[in-house]
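Take a look at the structure set out below.
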Amino acid sequence: MVLLTIIFTIWGLLGPESIAIDNNGGFYISQMGKLYETDGSIIYQISDQTKKFFQITDPKGILLENNILWIAENDRLIMLNTLNSDYKTFTSVSGLAKYLNDIVRFNGTLYVTDTYSDMVYTLKSDMLQPVFTLSRPNGITTDGKYLYIVSFTNPAIVYKSDGKRILEKITLPDINLGDGISYDKENDIFFISGFGSGNVVAYKNWKKVGEIDKFSGPSDIYYDSERKTLYVPDLKSNKVYILKVMFGE
(Lines give C-alpha, C1' and ligand atoms only; values in the text may rest on other atoms or scores of the structure.)
Protein backbone atom coordinates (compact mmCIF):
# COMPACT_ATOMS: atom_id res chain seq x y z
CA MET A 1 0.00 0.00 0.00
CA VAL A 2 0.97 3.64 -0.48
CA LEU A 3 0.24 6.28 2.15
CA LEU A 4 0.00 9.90 0.94
CA THR A 5 0.17 12.57 3.64
CA ILE A 6 0.08 16.36 3.20
CA ILE A 7 3.04 17.89 5.08
CA PHE A 8 2.85 21.55 3.96
CA THR A 9 1.54 23.87 1.25
CA ILE A 10 2.77 26.77 -0.88
CA TRP A 11 0.21 29.61 -0.71
CA GLY A 12 -0.54 32.83 -2.54
CA LEU A 13 -0.39 31.53 -6.11
CA LEU A 14 -2.57 32.37 -9.12
CA GLY A 15 -3.83 29.24 -10.81
CA PRO A 16 -0.80 26.95 -10.28
CA GLU A 17 -0.66 24.25 -12.94
CA SER A 18 2.76 22.59 -12.93
CA ILE A 19 5.94 22.46 -10.84
CA ALA A 20 9.57 21.41 -11.26
CA ILE A 21 12.35 21.23 -8.65
CA ASP A 22 15.98 22.16 -9.34
CA ASN A 23 19.14 20.78 -7.73
CA ASN A 24 19.17 23.61 -5.19
CA GLY A 25 15.70 22.78 -3.91
CA GLY A 26 14.07 25.73 -5.66
CA PHE A 27 10.61 25.53 -7.22
CA TYR A 28 9.65 26.52 -10.75
CA ILE A 29 5.87 26.96 -10.89
CA SER A 30 3.64 27.75 -13.87
CA GLN A 31 0.68 29.96 -13.01
CA MET A 32 -2.19 30.06 -15.50
CA GLY A 33 -4.01 33.05 -14.07
CA LYS A 34 -7.32 33.63 -15.86
CA LEU A 35 -8.05 31.41 -18.85
CA TYR A 36 -7.03 32.88 -22.24
CA GLU A 37 -5.69 36.09 -20.67
CA THR A 38 -2.04 37.16 -20.69
CA ASP A 39 -1.77 37.14 -16.91
CA GLY A 40 -0.05 33.77 -16.56
CA SER A 41 3.57 33.52 -15.48
CA ILE A 42 6.51 31.33 -14.57
CA ILE A 43 7.91 31.98 -11.11
CA TYR A 44 10.92 30.62 -9.25
CA GLN A 45 10.89 30.33 -5.46
CA ILE A 46 13.81 29.45 -3.20
CA SER A 47 14.01 30.21 0.54
CA ASP A 48 12.30 33.59 0.93
CA GLN A 49 13.02 34.79 -2.62
CA THR A 50 10.63 34.79 -5.58
CA LYS A 51 11.53 35.63 -9.19
CA LYS A 52 9.02 36.08 -12.01
CA PHE A 53 10.27 35.39 -15.54
CA PHE A 54 7.57 36.83 -17.80
CA GLN A 55 3.85 37.22 -18.44
CA ILE A 56 2.36 34.68 -20.87
CA THR A 57 -1.01 33.14 -21.66
CA ASP A 58 -1.98 30.00 -19.73
CA PRO A 59 1.39 28.27 -19.19
CA LYS A 60 0.72 24.66 -18.29
CA GLY A 61 3.16 21.73 -18.16
CA ILE A 62 6.85 22.46 -17.55
CA LEU A 63 9.96 20.30 -17.85
CA LEU A 64 13.31 21.30 -16.34
CA GLU A 65 16.51 20.02 -17.97
CA ASN A 66 19.58 21.56 -16.31
CA ASN A 67 19.20 25.31 -16.93
CA ILE A 68 16.57 24.89 -19.69
CA LEU A 69 12.89 25.10 -18.76
CA TRP A 70 10.40 23.86 -21.36
CA ILE A 71 6.94 25.43 -21.10
CA ALA A 72 3.72 24.32 -22.81
CA GLU A 73 1.63 27.36 -23.68
CA ASN A 74 -1.60 27.27 -25.70
CA ASP A 75 -0.26 27.13 -29.27
CA ARG A 76 3.51 27.12 -28.74
CA LEU A 77 6.29 25.38 -26.87
CA ILE A 78 8.74 27.71 -25.14
CA MET A 79 12.39 26.94 -24.38
CA LEU A 80 13.52 29.25 -21.56
CA ASN A 81 17.16 29.65 -20.49
CA THR A 82 16.82 30.18 -16.75
CA LEU A 83 20.33 31.65 -16.48
CA ASN A 84 19.71 34.68 -18.69
CA SER A 85 15.94 34.56 -19.39
CA ASP A 86 16.49 34.20 -23.15
CA TYR A 87 13.79 32.13 -24.79
CA LYS A 88 12.79 30.55 -28.09
CA THR A 89 9.36 29.42 -29.25
CA PHE A 90 8.24 26.49 -31.38
CA THR A 91 4.88 26.08 -33.13
CA SER A 92 3.14 23.20 -34.86
CA VAL A 93 3.65 22.33 -38.53
CA SER A 94 -0.12 22.40 -39.07
CA GLY A 95 -0.62 25.67 -37.20
CA LEU A 96 -3.56 24.00 -35.45
CA ALA A 97 -2.13 23.59 -31.95
CA LYS A 98 -4.75 24.77 -29.45
CA TYR A 99 -3.94 23.76 -25.87
CA LEU A 100 -0.46 22.38 -25.39
CA ASN A 101 -0.48 20.80 -21.97
CA ASP A 102 2.36 18.56 -20.81
CA ILE A 103 5.92 17.62 -21.83
CA VAL A 104 8.25 14.66 -21.41
CA ARG A 105 11.51 13.54 -22.99
CA PHE A 106 11.40 9.95 -24.27
CA ASN A 107 14.23 8.23 -26.15
CA GLY A 108 15.90 11.62 -26.59
CA THR A 109 12.84 13.30 -28.12
CA LEU A 110 10.42 15.80 -26.58
CA TYR A 111 6.76 14.75 -26.65
CA VAL A 112 4.03 17.35 -26.05
CA THR A 113 0.30 16.76 -25.53
CA ASP A 114 -2.41 19.00 -27.00
CA THR A 115 -5.64 18.43 -25.09
CA TYR A 116 -8.07 20.31 -27.33
CA SER A 117 -6.57 19.21 -30.66
CA ASP A 118 -6.59 15.55 -29.52
CA MET A 119 -2.95 15.35 -30.60
CA VAL A 120 0.49 14.33 -29.36
CA TYR A 121 3.44 16.11 -30.99
CA THR A 122 7.19 15.63 -31.07
CA LEU A 123 9.69 18.45 -31.45
CA LYS A 124 11.72 17.85 -34.62
CA SER A 125 13.56 20.33 -36.86
CA ASP A 126 12.36 23.19 -34.64
CA MET A 127 8.69 22.35 -35.31
CA LEU A 128 6.01 20.44 -33.43
CA GLN A 129 5.17 17.47 -35.61
CA PRO A 130 2.03 15.32 -35.03
CA VAL A 131 2.68 11.72 -34.01
CA PHE A 132 -0.71 10.26 -33.13
CA THR A 133 -4.22 11.32 -32.13
CA LEU A 134 -6.25 10.33 -29.09
CA SER A 135 -9.09 11.79 -27.09
CA ARG A 136 -8.12 14.69 -24.77
CA PRO A 137 -4.48 13.85 -23.97
CA ASN A 138 -3.33 15.69 -20.86
CA GLY A 139 -0.51 14.45 -18.59
CA ILE A 140 2.38 12.48 -20.06
CA THR A 141 5.28 10.54 -18.51
CA THR A 142 7.59 7.61 -19.18
CA ASP A 143 8.91 4.58 -17.33
CA GLY A 144 11.94 4.57 -19.62
CA LYS A 145 10.49 1.89 -21.91
CA TYR A 146 7.13 3.37 -22.89
CA LEU A 147 5.14 6.58 -22.85
CA TYR A 148 2.03 6.87 -20.69
CA ILE A 149 -0.59 9.52 -21.43
CA VAL A 150 -3.65 10.21 -19.26
CA SER A 151 -6.81 11.65 -20.80
CA PHE A 152 -8.86 14.59 -19.57
CA THR A 153 -12.03 12.49 -19.74
CA ASN A 154 -14.50 10.81 -17.39
CA PRO A 155 -13.47 8.17 -16.68
CA ALA A 156 -9.83 8.88 -17.45
CA ILE A 157 -7.92 6.55 -19.75
CA VAL A 158 -4.18 5.85 -19.68
CA TYR A 159 -2.67 5.21 -23.11
CA LYS A 160 0.54 3.18 -23.30
CA SER A 161 2.66 4.00 -26.35
CA ASP A 162 6.02 3.13 -27.90
CA GLY A 163 6.24 6.73 -29.14
CA LYS A 164 4.76 5.95 -32.55
CA ARG A 165 1.45 4.24 -31.85
CA ILE A 166 -0.91 3.30 -29.03
CA LEU A 167 -0.24 -0.18 -27.64
CA GLU A 168 -2.72 -0.43 -24.78
CA LYS A 169 -5.59 1.47 -23.11
CA ILE A 170 -6.36 1.28 -19.38
CA THR A 171 -9.59 2.76 -18.02
CA LEU A 172 -9.39 4.36 -14.55
CA PRO A 173 -12.85 4.49 -12.91
CA ASP A 174 -11.42 6.31 -9.87
CA ILE A 175 -10.23 9.30 -11.96
CA ASN A 176 -12.51 11.99 -13.41
CA LEU A 177 -10.69 14.30 -15.83
CA GLY A 178 -7.18 12.87 -15.68
CA ASP A 179 -4.63 15.66 -15.43
CA GLY A 180 -1.16 14.84 -14.08
CA ILE A 181 0.78 11.58 -14.23
CA SER A 182 4.13 10.78 -12.63
CA TYR A 183 6.15 7.58 -12.19
CA ASP A 184 8.21 6.14 -9.36
CA LYS A 185 10.72 3.72 -10.91
CA GLU A 186 11.97 2.27 -7.62
CA ASN A 187 8.53 0.99 -6.59
CA ASP A 188 6.94 0.75 -10.07
CA ILE A 189 4.13 3.09 -9.01
CA PHE A 190 2.16 5.57 -11.14
CA PHE A 191 0.61 8.63 -9.49
CA ILE A 192 -2.35 10.18 -11.33
CA SER A 193 -4.41 13.27 -10.45
CA GLY A 194 -8.10 13.70 -11.23
CA PHE A 195 -8.99 17.35 -11.80
CA GLY A 196 -12.72 16.57 -11.69
CA SER A 197 -12.61 13.97 -8.92
CA GLY A 198 -10.30 16.05 -6.70
CA ASN A 199 -7.97 13.16 -5.92
CA VAL A 200 -4.56 11.65 -6.50
CA VAL A 201 -4.41 7.87 -6.88
CA ALA A 202 -1.36 5.56 -6.71
CA TYR A 203 -1.43 2.55 -9.03
CA LYS A 204 0.70 -0.58 -9.17
CA ASN A 205 0.03 -2.82 -12.17
CA TRP A 206 -2.97 -0.51 -12.68
CA LYS A 207 -4.57 -1.55 -9.40
CA LYS A 208 -5.22 1.18 -6.83
CA VAL A 209 -2.81 0.95 -3.91
CA GLY A 210 -3.30 4.40 -2.39
CA GLU A 211 -5.43 7.53 -2.67
CA ILE A 212 -5.88 11.01 -1.22
CA ASP A 213 -8.94 13.13 -2.04
CA LYS A 214 -8.30 16.43 -0.26
CA PHE A 215 -8.04 18.66 -3.36
CA SER A 216 -10.25 21.11 -5.24
CA GLY A 217 -8.66 20.85 -8.67
CA PRO A 218 -5.36 18.93 -8.72
CA SER A 219 -3.50 19.48 -11.97
CA ASP A 220 -0.01 18.46 -13.10
CA ILE A 221 2.01 16.56 -10.49
CA TYR A 222 5.70 16.05 -9.82
CA TYR A 223 7.30 13.16 -7.92
CA ASP A 224 10.71 13.56 -6.29
CA SER A 225 12.00 9.99 -5.96
CA GLU A 226 15.04 11.03 -3.92
CA ARG A 227 12.98 12.66 -1.19
CA LYS A 228 9.91 10.44 -1.73
CA THR A 229 7.79 13.56 -2.03
CA LEU A 230 4.85 14.30 -4.32
CA TYR A 231 4.04 17.89 -5.37
CA VAL A 232 0.42 18.60 -6.30
CA PRO A 233 -0.48 22.02 -7.77
CA ASP A 234 -4.17 22.76 -7.12
CA LEU A 235 -5.46 25.13 -9.76
CA LYS A 236 -8.71 25.96 -7.95
CA SER A 237 -7.37 26.55 -4.44
CA ASN A 238 -4.28 28.49 -5.64
CA LYS A 239 -1.93 26.27 -3.64
CA VAL A 240 0.72 23.62 -4.18
CA TYR A 241 0.42 20.71 -1.78
CA ILE A 242 3.56 18.81 -0.77
CA LEU A 243 2.91 15.19 0.19
CA LYS A 244 5.10 12.65 1.93
CA VAL A 245 4.88 9.26 0.22
CA MET A 246 5.30 6.13 2.33
CA PHE A 247 5.42 2.62 0.87
CA GLY A 248 4.27 -0.49 2.75
CA GLU A 249 3.30 -4.09 2.13
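The values are calculated or read from the model by the stated rules, or taken from the named source; none is laboratory data. Remember, it's a predicted structure, so these values are computed and weren't measured experimentally. Here Cβ is always computed from backbone atoms with ideal geometry, including for glycine, and neighbour counts include all displayed protein chains. Each accessible area value is taken on the protein alone, full model and side chains, heavy atoms only, with ligands, DNA and RNA left out. Shrake-Rupley method; radii C 1.70, N 1.55, O 1.52, S 1.80 Å.
Rounded, prolate or oblate: pick one for the stretch 152-209, where a ≥ b ≥ c are the square roots of the eigenvalues of its C-alpha gyration tensor, a/c under 1.5 means rounded, and failing that, prolate if a/b is larger than b/c, else oblate. Since a/c reaches 1.5 but b/c is at least a/b, the shape of the stretch 152-209 is classed as oblate.
With θ taken as phi - 60° and the Karplus curve 6.51 cos²θ - 1.76 cosθ + 1.60 applied, the whole-hertz 3J(HN,Hα) list for the stretch 116-131 is 8, 9, 6, 9, 10, 10, 10, 8, 9, 6, 6, 9, 7, 10, x, 10 Hz, x standing for glycine and proline. Here the relative contact order of the chain, from alpha carbon pairs under 8 Å that lie six or more residues apart, stands at 17 percent.
Can you compute the FRET efficiency between GLN129 and ASP48 using 1/(1 + (r/R0)^6), with r the Cβ-Cβ distance and R0 = 35 Å? Round to the nearest 0.05. Don't skip to the answer; put the middle values down first.
Details: r = 43 Å, r/R0 = 1.22.
Between GLN129 and ASP48 the formula returns 0.25.
Close amide H pairs (under 5 Å, H built 1.01 Å from N) link GLY210 with VAL2, ALA202, residues at least 5 positions away or on another chain.
May I ask you to give the percent of accessible area on the chain that is carbon plus sulfur, with a probe radius of 1.4 Å? Spell out each step's value before the answer.
Working: 5210 of 11130 Å².
Ligands and nucleic acids excluded, carbon and sulfur reach 47 percent.
Considering only ARG165, ARG105, ARG136, the Gaussian network model of the chain with Cα springs below 10 Å gives its largest mean-square fluctuation to ARG165. Computing P(r) over Cα pairs in 5 Å bins from 0, in percent directly from the structure and comparing it against (1) 1, 7, 15, 20, 21, 18, 12, 5, 1, 0; (2) 1, 5, 10, 12, 12, 10, 9, 9, 8, 8, 6, 5, 3, 2, 1, 0; (3) 1, 7, 12, 14, 16, 14, 13, 10, 7, 4, 2, 1, 0, 0 singles out (1).
Think of each Lys and Arg Cβ as +1 and each Asp and Glu Cβ as -1; about the Cα centre, that makes the dipole of the chain roughly 260 debye. Could you tell me the distance between the Cα centroids of the stretch 121-183 and the stretch 37-84, to the nearest Å? Rounded to whole Å, the Cα centres lie 22 Å apart. Using the Karplus relation 6.51 cos²θ - 1.76 cosθ + 1.60 with θ = phi - 60°, the per-residue 3J(HN,Hα) values for the stretch 17-27 come to 10, 9, 9, 9, 10, 8, 5, 8, x, x, 10 Hz, with x marking Gly and Pro.
Averaged per residue, what accessible surface does the stretch 1-91 expose to a 1.4 Å probe, in Å²? It would help to have the intermediate numbers written out before the result.
On the way: 4430 Å² over 91 residues.
Computed with neighbouring chains in place, this is 49 Å² per residue.
Of the residues THR82, THR153, THR142, the one that moves most in a GNM of the chain with alpha-carbon contacts below 10 Å is THR82. In order along the stretch 54-62, the phi-based Karplus estimate (6.51 cos²θ - 1.76 cosθ + 1.60, θ = phi - 60°) of 3J(HN,Hα) comes to 6, 8, 9, 9, 6, x, 10, x, 10 Hz; Gly and Pro are listed as x. If I build a Gaussian network model for the chain, linking alpha-carbon pairs within less than 10 angstrom, which residue out of ILE103, ILE19, ILE166 has the largest mean-square fluctuation? Per the Cα network of the chain with a 10 Å cutoff, ILE166 tops the list.
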